[in-house]
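Worksheet: the structure to be examined is printed underneath.
The values are calculated or read from the model by the stated rules, or taken from the named source; none is laboratory data. Because the structure is predicted, anything quoted here is derived from the model rather than measured. Every residue, glycine as well, gets a Cβ built from its backbone with ideal geometry; the counts of neighbours run over all protein chains shown. Surface accessibility is based on the protein's heavy atoms, side chains included, excluding ligands, DNA and RNA. Shrake-Rupley method; radii C 1.70, N 1.55, O 1.52, S 1.80 Å.
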Amino acid sequence: AAPQEPVAAETEEQRTAYLQSIGWQLAEAQPEAREITIPAEFDDVYRSYNELQKEQGFDLSDFKGKQAMRYTYMLSNYPDHPEGIQANLLVCEGKLIGGRVLRGDERLHARPAAAGMRIAPEGRRVIQ
């Protein structure tokens, strides 16, 4: 795959604009923010999660052992699920590095959110 242009995600405005640009409507203005560490070594679960990220143009391999922020947004326009759907965005050094869309703790249709997701609804690509 060709190198992708990094998506700026340092500010709330940039993250919100990104989600809206790929078709998501936010149910709440303020996301939950949590600092995480990308594992230095990937287990089977993280390898599988990273494969989902790669399908979307992301690759967490370059971020092993690094600190990142996970921003969780509630979505209001997931098909057939008007409530309880979340988009997680992973951000490191001000750039979007991955994500996914999920319901509770489960992925929906293996859609990555910007990074666990083919976060884009209606089959649109996350990164053009």
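Do we find a residue being open to solvent by 60 Å² or more (accessible area, probe 1.4 Å), in contact (Cβ under 8 Å) with a residue 60 or more places away in the chain and closer than 23 Å to H81 by Cβ anywhere in the stretch 47-55? Yes; the residues of the stretch 47-55 include at least one that is open to solvent by 60 Å² or more (accessible area, probe 1.4 Å), in contact (Cβ under 8 Å) with a residue 60 or more places away in the chain and closer than 23 Å to H81 by Cβ.
Considering L60, L19, L52, the condition of being of a type in the set (A, V, I, L, M), within 13 Å of the chain's Cα centre (by Cα) and modelled with pLDDT under 90 is satisfied by L52 alone. You will find that of I127, I97, the residue that is at pLDDT below 85, aliphatic (A, V, I, L, M) and open to solvent by less than 60 Å² (accessible area, probe 1.4 Å) is I127 and no other. Within the stretch 67-76, which residues are open to solvent by 10 Å² or more (accessible area, probe 1.4 Å) and under 26 Å from E5 (Cβ atoms)? Listed by number, the residues that qualify are Q67, M69, R70, Y71, T72. Kindly provide the set of residues from the stretch 23-46 that are in contact with a strand residue (DSSP E or B) (Cβ under 9 Å, 6 or more places away or on another chain) and either surrounded by 12 or more Cβ atoms within 10 Å (Cβ to Cβ) or modelled with pLDDT of 90 or more (or both), ordered by number. Hits for the stretch 23-46 are W24, Q25, L26, A27, P31, E32, A33, R34, E35, I36, T37, I38. Just so you know, in the stretch 2-22 the residues that are among the aliphatic types (A, V, I, L, M) and touching a Gly at 6+ places or on another chain (Cβ under 7 Å) include one that is surrounded by the fewest Cβ atoms within 10 Å (Cβ to Cβ), and it is A8.
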